[in-house]
Every structure is written in structure tokens, then in C-alpha cells.
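S.K.: Below: one structure in C-alpha cells.
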Ligand SMILES: [Zn+2]
């Protein structure tokens, strides 16, 4: 086998290695925390806090209503006890009863409003919780898939590296070194020759170059400098 062909094969393996390494890096970048899950967790925490706050408000209104009801009972008892005869005092007590009732009505309206807010808030917490669960399940599935893909890629890469070792061991070390240098400079070191053209730079090759390339010796394109490989 000509050196050009050996180097071309090495290049094929290198390209495969590079594309699999890229895929592996891409997977690695997708492993880990999910922004969507983190967002949903924050949203869920905030919704729960809001619900707790509404619950506290609801209770404090209920306590205030109880308090007013007790006060009202005491004042009404006094008003209707028959013990107080002084008209001014009676009027004052009646005013007090009216005031307490008005305040209690207000609070009862507020209690109803808060109750409906609690219901809405509970519904919102439930819906965010189910969305969060869905996102977390998706994320777990995705992470598992990524881990599986990663393992497969690692096996492929290890096989390719092994193949590369075997290939390069058979090639003249000087030629391998030259290949690496060219690869560093140009990205690809070996160019196929097709229909008299260098596929690296698309220039038409001289008859002499073509003959040299055909003979299997190590020939560089006079234009781009790549090693020419004629299949
Ligand atoms: Zn060329």
C-alpha cells in the first residue's frame, strides 16, 4: 500500500474521531441542570409561599371575626339586659353594636374574597406542581438517554483510537509527522485526486504530478501543498 493511501486512511479515521469527539462534547454540555426545571422549581416555591401567605391572611380574618362576634355578644347582652335605662347610654350602645356589625360585614366580605383567592392559588400551585413533575421526568429521561449515548460514543472513540494506533504503527514515522504538520496548517493533510484535479484546492494537476501520485510516492499539490492521493 502506498504511503499516500495509508495517510489517507489515517485521515479518514481522524475525521471520524473528530466528529465523534464533537458529538461527545455536545452531549457533555447538555448533561447537568436544566434551566426549565430550575425556573419551574422557583415558580413553584413562589406559588407555595403565596398560598401560605393567603392562608395566614384567611386565619387572621377569621380570628378577627370571632373576636368581633364575642365583643358584639357582650355589648348586645348589655343593651338588651334591661339594666340600662339611660337613653344616651342606650344610644351609645346601639351605635357600638352597629359599628361592630358593620366592621364584621366588611371582614366577612374580605374573608370570602380571600377564600376565593386561596382556591385560585391552590389551583395554581397544583398546575405548577404537575408541570414541574412533567419537566423533571422529561429531564430524567433526557439525561438517561444522554448517558447512554455518551457510553456508546466512548466505545466508538476507543475503537477508533485503537484502529488509529494500528494504522499509524504501519506508516513510516517521518510521513506521519509530516501528515500532522500539514494537518495543523491546513486542517486536512491529504487531498484526493479526482479527474486530474486536487480535491483540496480544485486545481488541475500537471501530468508529471499525476504520474508521481500514481506511482504511490509522497507528492504534494503544487498549489495547496497537500499530499496527493490517487485512488
Ligand atoms: Zn491542491
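S.K.: If the elastic network links every pair of Cα atoms under 10 Å, which of 161, 70, 86 fluctuates the most in the Gaussian network model of the chain?
M.R.: Taking springs between Cα atoms under 10 Å, the residue moving most is 86.
S.K.: So what is the relative contact order of the chain, in percent, for Cα pairs below 8 Å that sit 6 or more residues apart?
M.R.: 34 percent
S.K.: Among 184, 88, 71, which one shows the highest mean-square fluctuation when the chain is modelled as a Gaussian network with alpha-carbon springs under 10 Å?
M.R.: Of 184, 88, 71, the most mobile in the Gaussian network model is 88.
S.K.: Among 139, 63, which comes first, second and so on when ranked by fewest other beta-carbon atoms within 10 Å?
M.R.: 63, 139
S.K.: Tell me the mean residue ellipticity at 222 nm calculated for the chain from its helices only (DSSP H runs of n ≥ 4, each -39500 (n - 2.57), averaged over every residue, nearest 500).
M.R.: Result for the chain: -29000 deg cm²/dmol, rounded to the nearest 500.
S.K.: Here's something else I'd like to know. For the residues 1, 115, what sequence is obtained by ranking on other C-beta atoms within 10 Å, fewest first?
M.R.: Fewest to most other Cβ atoms nearby, the residues stand as 1, 115.
S.K.: I need two numbers for the chain: Rg to one decimal and Dmax as a whole number, Cα atoms only, in Å.
M.R.: Rg then Dmax for the chain, in Å: 41.9, 134.
S.K.: Kindly put 54, 15 in sequence by how many other C-beta atoms sit within 10 Å of each C-beta, fewest to most.
M.R.: Ranking 54, 15 by Cβ neighbours within 10 Å, fewest first, gives 15, 54.
S.K.: If you don't mind, another one. Treating the angle as unsigned and between 0 and 90°, give the value, to the nearest 10°, between the Cα long axis of helix 87-170 and the longest Cα principal axis of the chain.
M.R.: Once rounded, one gets 10 degrees.
S.K.: In what sequence, highest mean first, do 145-156, 211-222 appear when ranked by Cβ atoms within 10 angstrom?
M.R.: Ranking the peptides 145-156, 211-222 by packing returns 211-222, 145-156.
S.K.: Sticking with this one: Name the shape class, rounded, prolate or oblate, that the alpha-carbon gyration tensor gives for segment 169-231, where a ≥ b ≥ c are the square roots of its eigenvalues, rounded holds for a/c under 1.5, and otherwise prolate holds if a/b is larger than b/c and oblate otherwise.
M.R.: Here segment 169-231 falls in the oblate category.
S.K.: Mean-square fluctuation check for the chain, GNM, Cα pairs under 10 Å: which of 85, 134, 199 is largest?
M.R.: 85
S.K.: Going by the alpha-carbon gyration tensor, a ≥ b ≥ c the square roots of its eigenvalues, is segment 1-134 rounded (a/c under 1.5) or, if a/c is not under 1.5, prolate (a/b greater than b/c) versus oblate?
M.R.: prolate
S.K.: Roughly speaking, what is the centre-to-centre gap between segment 166-199 and segment 86-114 when only Cα atoms are used, to the nearest Å?
M.R.: With segment 166-199 and segment 86-114 each reduced to a Cα centre, they are spaced 97 Å.
Rule-based calculations on the coordinates, nothing more; no lab input. Bear in mind the structure is a predicted one, so any value in this text is a computation, not a measurement. In this analysis, Cβ positions are derived from the backbone assuming ideal geometry, glycine residues included, and neighbour counts consider all displayed protein chains.
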